[in-house]
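Chemist: Handing you this structure, nothing more for now.
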Amino acid sequence: MAIEGIDLIKAAAYLGAGVAMGLGAIGPGVGEGMVGAKACEAIGRNPQQAALLTRTMLVGQAVSESTGIYSLVIALLLLFVV
C-alpha cells in the first residue's frame, strides 16, 4: 500500500511543521538565555543601573521571542492551511 496524493502532502506538512517549530524554538531559547545571563552579569557589576538594564533585557528578549512566534505561525499554516 503506497502513500500517494493528499496523504503524502499532509505527511510532508506535518513533518515540516514539526521541523519548523523544533528548529524555530532553538534560536529564541538560546538568545533569551544569553540576554538574561549578560543582564545578570551587568547588574552584578553595576547594581545602580538595574532598572535600565532590566528594561533593556526585556526588550531584547521580546525581539528574540519574535522569531519563535514566526516559526509558530509557519507551523500553524502548514497544519491548517495545507
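Chemist: Using every Cα-Cα pair within the chain, state what percent have a distance larger than 17 Å.
Modeler: Of all Cα-Cα pairs in the chain, 59 percent lie more than 17 Å apart.
Chemist: Once fully extended, how much extra length lies between residue 77 and residue 4, figured as 0.36 nm per residue of separation less the alpha-carbon to alpha-carbon distance?
Modeler: That works out to 24.1 nm of additional length.
Chemist: When the dipole is taken about the Cα centre of the chain, and only Lys, Arg (+1) and Asp, Glu (-1) are charged at their Cβ, what size is it in debye, to the nearest 20?
Modeler: In total the dipole reaches around 340 debye.
Chemist: Helix 50-80: angle to the longest alpha-carbon principal axis of the chain, degrees 0 to 90, nearest 10?
Modeler: Approximately 0 degrees, to the nearest ten.
Chemist: While we're on this one: Specify the angular offset, from 0 to 90 degrees and rounded to the nearest 10, of the alpha carbon long axis of helix 6-45 from the longest principal axis of the alpha carbons in the chain.
Modeler: 10
Chemist: Let me ask something additional. Please give the FRET efficiency for residue 67 paired with residue 15, using the beta carbon to beta carbon distance and R0 = 30 Å, rounded to the nearest 0.05.
Modeler: The value I calculate is 0.90.
Each value in this text was obtained by applying a stated rule to the coordinates, not by laboratory testing. In this text the structure is predicted, and so the values were computed from the model without any measurement. Please note: Cβ atoms are built from the backbone with ideal geometry, for glycine as well, and neighbour counts cover all protein chains shown.
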